[in-house]
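To keep things clear, I will list the structure first and then write my remarks on it.
The values are calculated or read from the model by the stated rules, or taken from the named source; none is laboratory data. All values derive from a computational prediction rather than experimental measurement. Here the Cβ is made from the backbone with ideal geometry for all residues, glycine too, and neighbour counts use every protein chain on show. Just the protein is used for accessible areas: all its heavy atoms, side chains included, with ligands, DNA and RNA removed. Shrake-Rupley method; radii C 1.70, N 1.55, O 1.52, S 1.80 Å.
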Amino acid sequence: MYQRLRAAHLSAVRAALEDHVARLDWPPERIERHRTERLRALLGWARERSPFHAARMGEVDPATATVADLARLPVMTKREAQEEWDAVVTTPGLDRAGAERVLAEQRWFSYTPAGHQVFSSGGSSGVRGVYVWDWEQFVTLACLAWRWQARADRAAGTGGPARLAVLSAGGPPHASTPLFDVPTDPATETVVIPAAAPFDDVSKAVADAGPTALVGYASVIGRLARATLAGELDVRPVRVSTNSEPLTDEDRAAIAAAWGAPVHNLWGSTEIGVQAVGCGQGDGLHVSEDEVVLERVDADGRPVGPGEPAARTLATGLAGRTFPFVRYDLGDEVTLLPGPCPCGSAMPRVAAVAGRRDDDFHYGTLLVPASAFRYVLGTDPLISEYQVHQTADGADVLVVGSPDVPTVTAALVEALQPYGLPDAAITVRTVDRIPRHAATGKLSRFVPLR
Ligand SMILES: [Zn+2]
């Protein structure tokens, strides 16, 4: 039954994709006009159907609201969204308990009788999230995830990929597989490869699939690129789409060296869907400005100017009518990129998102950014994967590969010195594999001390 509904779903995506591709070449005024109407529709719907949002709407009139009026609404946190689930959701008869039942009972991705898909994620913030997407929302989000690739394929005069390998969680309850296992061209064949499997199995499955395009977790695709460079894997994808994890400079460099393929890096969330996607040409990622409102704000939730540093990024997902997220705190910081993109799209760009602040380690009042570890571990060609566990006065580091352990240890101790740790206690251990999160398949590279 899922396969039959899914086939209908994908036809809906292909039908809607033309419109979404065309929007990438809209002038800024047209994007803004569209966005304002979508925002009014969302706020109006939320006020009528969501007691949570109705109580927070205050003096804002959805019928005349603009993006600037969002600043008059309170910030929505992950904890509020999850604790007040039943008051947020806009579909009668749908509640958290029912959504949990779907998660517990479904044996594969499924649709509720009312046509929803239910997902969950552990999340790096420690708050378990339950999410529900309606059909129209899925169609829109899939278009946002895939329209840049479709536009680039057309510009290159090629059709969609012949074979797409999808490296994602593989099964429920994570949303990555339905969203990325999308043959946007009817002739495209897709192969889903669970990314949480041992790497040798993943690599073999990719070799067997012989994909012309790859989509999936950034760290897995980075590792496949390194395996290709090492002569252990022979595949030649002509287009690469990364998601779900930050794409590190090292992984991007490995992909460029291994395949020279354009990379479409996606910044998304189960809450909002697809905040931004790279076009494969210019730097950074283009914001899905027609379907997502991003606000860079200070610590008090007040919007800051494009050149000013922001404490947080708030997102309003214009396609999410079933469970509206309005001024939702994503827990990521983004920087706007100035100037036009060589691809010609007027959709604004943000710099690649380096990772959640949750990845940073706190030692008392000292803060050590994840990048301090990443700088050492991500650039060592003899390390193919790593995981850093914070300890009281340093870190225990697991690495896959054959690095020179004393050298790596010394380099990490040195890397932490500028952050106020003169002699951090670092241990480095080589292991055969690092387990991924059982439900999401994501790799937690940084595990803070709790
Ligand atoms: Zn571009």
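Things to note:
- The chain - mean residue ellipticity at 222 nm from DSSP helices (-39,500 (n - 2.57) per run, n ≥ 4, rounded to 500): -10000 deg cm²/dmol
- Taking all protein chains as they are arranged and a probe of 1.4 Å, the heavy atoms of L382 leave approximately 90 Å² accessible to solvent.
- Comparing S402, S219, S176 in a Gaussian network model of the chain, where Cα atoms under 10 Å apart are tied by springs, the biggest mean-square fluctuation is seen for S402.
- Take every DSSP beta bridge whose two residues both sit in the chain; close to 55 percent of them are antiparallel.
- Residue-normalised accessible area of the range 282-363, given per residue in Å² at a 1.4 Å probe: 37 Å²
- Rounded to the nearest 20 debye, dipole of the range 160-268 from Cβ charges on Lys, Arg, Asp, Glu: 160 debye
- Sorted peptide list for 252-259, 183-190, criterion being average Cβ within 10 angstrom, highest first: 252-259, 183-190
- In terms of overall dimensions, the range 1-84 has a Cα radius of gyration and Dmax of 17.1, 46 angstrom.
- The A425 and D249 beta-carbon pair, evaluated with R₀ = 25 Å, returns a calculated FRET efficiency of approximately 0.35.
- Per the Debye formula on identical point scatterers at the alpha carbon atoms of the chain, with no solvent, log10 I(q)/I(0) at q = 0.07, 0.09, 0.10, 0.13 Å⁻¹ is -0.35, -0.58, -0.73, -1.26.
- Once the Cβ-Cβ distance of R302 and R450 is raised to the sixth power relative to R0 = 41 Å, the FRET efficiency obtained is 0.85.
- Potential lengthening of the chain between D393 and S110 amounts to 97.3 nm, from the contour at 0.36 nm per residue minus the alpha-carbon distance.
- Averaging over all projection directions, the Cα-based convex hull of the range 360-447 occupies 5.6 nm² in the image plane.
- Counting only protein heavy atoms and a probe of 1.4 Å, the accessible surface of the range 270-352 is 49% carbon and sulfur.
- Bridge orientation summary for the range 360-447: considering DSSP beta bridges with both residues in this region, about 60 percent are antiparallel.
- Highest average first, the peptides 201-210, 154-163, 1-10 ordered by how many other beta carbon atoms sit within 10 Å of their residues are 201-210, 154-163, 1-10.
- Kirkwood-Stokes translational diffusion coefficient of the range 231-285, alpha-carbon pairs, 37 °C, 0.692 mPa s, µm²/s: 272 µm²/s
- Result for the chain in a Gaussian network model with C-alpha springs under 10 Å: among C341, C143, C279, the largest mean-square fluctuation is at C341.
- Computed across the range 160-268, the Kirkwood radius stands at 13.5 Å (inverse of mean 1/r, all Cα pairs).
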